[in-house]
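Here's the structure we're looking at; comments come further down.
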Amino acid sequence: LLVFSMEHIFEQQPIPALRHTDRMKHLVTTLLLAIGWPFAHAGATEAGDPARGQAIHLEGRLPDGSRLRARRTDLPDMTGPAAACAQCHRRSGMGDQEGRLRVPPITAASLLAPGRTAAVGRAAPGIEIAGTRTERRPAYTADSFARALRTGVDPAGGVLAPWMPRYALDDAAVADLFAWLERLGPVGGASLRGLVDHTLHLATIVTPDAPAARREAVETTLSAWARQQRFGDVRVALHVWRLTGDAAGWTAQLQQRLAEQPVYAVVSGAGAAQWTPVEAFCEAASLPCVFPLVDAAPAPPPAGRHHALYLSEGLSAEARVAARAVAALGTVPARVQVWFDSDAGHGAAQVFQSALAAGSPDVQLRDLRVQPIAAGQPLGAANELVVAWLPTPQVQALLAPPAALRQADALPAVWLSGQLAPAEALDLAPAWRARVRWASLRSTPERWRATAVTSLQPWLRTLGLDPLQATPLQGEVYAAAYFFTDALQRSRGAWSVEHVLERLEAGVNNRAAAGTYLRLSLGQGQRVAAQVGQIQGWAPPDHRTLVPMSPVLNANR
């Protein structure tokens, strides 16, 4: 109480010498702590509850349900999740590093053994500067841990960096947190699910509604990768879990497969519009599910997703890109028609409608399952826009106008889904080539082919697969395998699930991974990597090369 009161006085009183000198503040605070610590400390050595400590670490929630409170000299008071240890030290407790900026680990292996004091220097809030002068400190005990949390004084008597928060915790809460951190850290050997006798067991999941080409790309490419992949002396065994029947029965099948063969993670996978039961299984089992090939990422559950990661959110992200492009391109159509013939397409149509900027034209949604378009019926006027969430066969049939409609200036503008009806899969008349665009999160075919030559094709060659037959689907499998491999290697043997998920977040950023997508990036806690999209179309005058027709637009929710 004495320390927190003095810091409050320093913050409020306009004393120039103290107001502008953090060093003086910490010096005076440390002197007060040296005097007051023996009287304030009532013994933090009682046995703690690691479950309650986990809530403090992850959520900033104290045992009595109140919010954790912390102070830093350079920021206002922090409470609740903002004050949680995981904000800086991550869920794994392994800390983080970017360039020379480092947050140290707080796992048992770090705290309960002699180590270095926190670096003292100037840096961004909550981080240390790697490489600054440090001194050795003894291992933390329950008592010295309590003192460090409350006062910022480490076991060697050194003052921790000012960006390390000071916490108002009673003895019971300190004991709970210490009990949790004693259990926190790298998991390996027999304790790691799916690692047995130098074999890392992984799975990939294939749903019965997955398109044949998607299923083939996943099973063939990933199996070839697993046969050759090694992590030091650890080999990989891949298990293909093919689901059958209705989606209502998938959870039971997956639970049985996991019980029969524990696996460390699910890598890639092949599905279609229905993937929610698979994601729910992965979250319930704390099983990383890394970048499956699906039509769209499911809507996030109320509690949020943590173990499931996706390359793309799919159709809804395309829909937001299309809606923002209506405003970005500056040409407001007289009317917008939105066509769809599936539940997934209906969802995208609704997202598009709600994401349109204020003042946009009215949108008419048309379910072609209920209101089909008659053969030869005009699709719209030249000043109208048609946005179609339809697969390739339906688009091909609709964009075959009668002989009277051969001039491009007599046709409406049509925007298609780059995922459902990619440009390279359509054979369009010249008039339509001048009027059709694609809302896409993916690279143009020309850019993808150029990138595949330097990344995907050499990888396929090492797997014994034909590099000349490389496809974008194989590019997505490559991205999943590449990023997962990279995360394990960056973990340096600390293969706890939490730490590997954190390494995935750090490793995805701005790396081409075969160039399937325009850009991939993940931030802390993010679970969808494709963050941007654009409108693409055929370049005049020959309309044979697909090029960007809009700026790069944000595809986030």
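The values are calculated or read from the model by the stated rules, or taken from the named source; none is laboratory data. This structure is a prediction, so every number in the text was calculated from the model and none was measured. All Cβ positions, glycine included, derive from the backbone under ideal geometry; neighbour counts span all protein chains shown. When the accessible area is computed, the model is the full protein with side chains, heavy atoms only, and any ligands, DNA or RNA have been set aside. Shrake-Rupley method; radii C 1.70, N 1.55, O 1.52, S 1.80 Å.
For trypsin sites (Lys or Arg not before Pro), the sites in the range 181-251 that DSSP calls loop and that have at most 14 other Cβ atoms within 10 Å are ARG183.
Extending 7 Å from the Cα toward the beta-carbon at both ALA328 and MET549 defines two label points whose distance is 1.4 nm.
With both labels modelled 7 Å from their Cα along Cα-to-Cβ, the ALA212 to ALA397 distance reads 1.9 nm.
What is the percent carbon and sulfur in the accessible area of the range 449-526, measuring with a 1.4 Å probe over the protein chains and ignoring ligands?
Values: 1570 of 3150 Å².
Solvent-exposed carbon and sulfur of the range 449-526 make up 50 percent of the total.
Count the DSSP beta bridges whose two residues both fall in the range 207-365, then state the antiparallel fraction as a percent rounded to the nearest 5. Antiparallel: roughly 25 percent of the beta bridges in the range 207-365.
Between ALA237 and GLN469, the modelled labels are 2.9 nm apart [label points 7 Å from Cα along Cα→Cβ].
Under 5 Å from the amide H of HIS239 lie the amide H atoms of LEU202, ALA203, THR204, each residue being 5 or more positions distant or on a separate chain, with H modelled from the backbone and absent for Pro and chain starts.
When all alpha carbon pairs of the range 479-557 are counted in 10 Å bins from zero, the resulting P(r) reads 17, 38, 24, 13, 6, 1 %. The H on the amide N of VAL338, modeled in the peptide plane, is under 5 Å from the matching H of GLN364, LEU365, ARG366, VAL387, each at least 5 residues off or on a different chain.
Taking amide H positions as modeled 1.01 Å from N, with prolines and chain starts lacking one, the residues under 5 Å from GLY314 and 5 or more places away or on another chain are ALA297.
Please compute the length gained on full extension between HIS198 and ASP77, using 0.36 nm multiplied by the number of residues separating them and subtracting their Cα-Cα distance. Mind dumping the intermediate values first?
Numbers: separation 121, 0.36 × 121 = 43.56 nm, distance 4.78 nm.
The span from HIS198 to ASP77 would gain 38.8 nm if fully extended.
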